[in-house]
Amino acid sequence: MKFCTHCAGRLRFAVPPGDDRRRAICSQCGIIHYSNPKIVAGCLALWEDRILLCRRAIEPRRGYWTLPCGYMEEGETVEAAACRETLEESQAEVSIRRLFSIVSLPEISQVYLVFLADLQTPLFGPTPESEDVRLTRQEEIPWDALAFPAVERVLRAYYKHGAGVNELHMSSCTGPPGR
């Protein structure tokens, strides 16, 4: 970003008084433009003993498997974002049980919030965002073809602890976002 979204003045980068990091500051109106992490919301959607996985039809990581997740939009709750993303990526409607996992990705400024959810019916299918959608058992998870390390962390936490334990799983991923 080179120009202020408020007044179109040129931006300069400096540490504002009382702050501890460089920010974009408008040289004309003085507004500080903060760049904050993006929230990725999604669901670990269950049907009996299986988890819903989507094979990405879009970049990044086209052709790799993921949980239905995506960026939260302005004006929606994180739960609504998780349900919307699940519907957009798999045509599946879900009922959220609870927040299951928080994964911080500081190097790419993202935070994953993944909810444990139940499919309302076993109806799902491909979308413009997913070339394939499947219900998978643990032994069918394509571990070597998962799109993102955060997804692997969530799945491993689920298979280690299960859905019945009312525990929030938190972790951080460092390194490149893909494999």
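The values are calculated or read from the model by the stated rules, or taken from the named source; none is laboratory data. Quick caveat: nothing in here was measured; it's all calculated off a predicted structure. Don't worry about glycine lacking a Cβ; one is built from the backbone with ideal geometry, like all the others, and counts go over all protein chains shown.
For P68, the conditions (1) in contact with a Lys or Arg (Cβ under 8 Å, 6 or more places away or on another chain); (2) closer than 20 Å to R137 by Cβ all hold with the exception of (1).
Pick from the stretch 144-171 the residues that are of a type in the set (S, T, Y) and either exposed (fewer than 11 other Cβ atoms within 10 Å of the Cβ) or touching a helix residue (DSSP H, G or I) at 6+ places or on another chain (Cβ under 7 Å) (or both): which of them is modelled with the highest pLDDT? Checked the stretch 144-171; the qualifying residue modelled with the highest pLDDT is Y159. If the condition is being in a loop (DSSP other than H, G, I, E, B), in contact (Cβ under 8 Å) with a residue 60 or more places away in the chain and not acidic (D, E), then the stretch 108-161 contributes S109, P122, F124, P126, P128, R137, I141, P142, A147, F148. Taking the numbered list (1) under 28 Å from the mean Cα position of the chain (by Cα); (2) not assigned by TED's automatic domain parsing to the domain that holds P142 in turn, I51 passes all entries but (2).
So, R61, is that one basic (K, R), outside any helix (DSSP H, G or I) and in the same structural domain as W143 (by TED's automatic domain parsing) or not? Reasoning before the result, please.
On the way: basic (K, R): yes; outside any helix (DSSP H, G or I): yes; in the same structural domain as W143 (by TED's automatic domain parsing): yes.
So R61 fits the description; yes.
Scanning for something assigned to a loop (DSSP other than H, G, I, E, B), over 26 Å from H161 (Cβ atoms), out of contact with any Pro (no Cβ under 6 Å at 6 or more places or on another chain) and in contact (Cβ under 8 Å) with a residue 12 or more places away in the chain, does the stretch 40-54 turn up at least one residue? Looking through the stretch 40-54, none of the residues is assigned to a loop (DSSP other than H, G, I, E, B), over 26 Å from H161 (Cβ atoms), out of contact with any Pro (no Cβ under 6 Å at 6 or more places or on another chain) and in contact (Cβ under 8 Å) with a residue 12 or more places away in the chain. Of the residues making up the stretch 65-88, those that are among the acidic types (D, E) and surrounded by fewer than 14 Cβ atoms within 10 Å (Cβ to Cβ) are E73, E74, E76.
Just one of (1) out of contact with any strand residue (DSSP E or B) (no Cβ under 7 Å at 6 or more places or on another chain); (2) under 15 Å from F148 (Cβ atoms); (3) small (G, A, S) fails for A80. It is (2). Screening the stretch 89-108 for residues that are of a type outside the set (D, E, K, R) and touching an Asp or Glu at 6+ places or on another chain (Cβ under 6 Å) and picking the one that is surrounded by the fewest Cβ atoms within 10 Å (Cβ to Cβ) gives S95.
I'd like to verify a number: residues in the stretch 105-118 that are within 21 Å of G162 (Cα to Cα) and either out of contact with any helix residue (DSSP H, G or I) (no Cβ under 9 Å at 6 or more places or on another chain) or polar (S, T, N, Q) (or both), how many?
Initially, the stretch 105-118 is screened for residues within 21 Å of G162 (Cα to Cα), giving 112-118.
Filter once more, keeping what is either out of contact with any helix residue (DSSP H, G or I) (no Cβ under 9 Å at 6 or more places or on another chain) or polar (S, T, N, Q) (or both): 118.
Number satisfying all stated conditions: 1.
Listed conditions (1) within 30 Å of D144 (Cβ to Cβ); (2) part of a loop (DSSP other than H, G, I, E, B); (3) among the β-branched types (V, I, T) are all met by T5, apart from (1).
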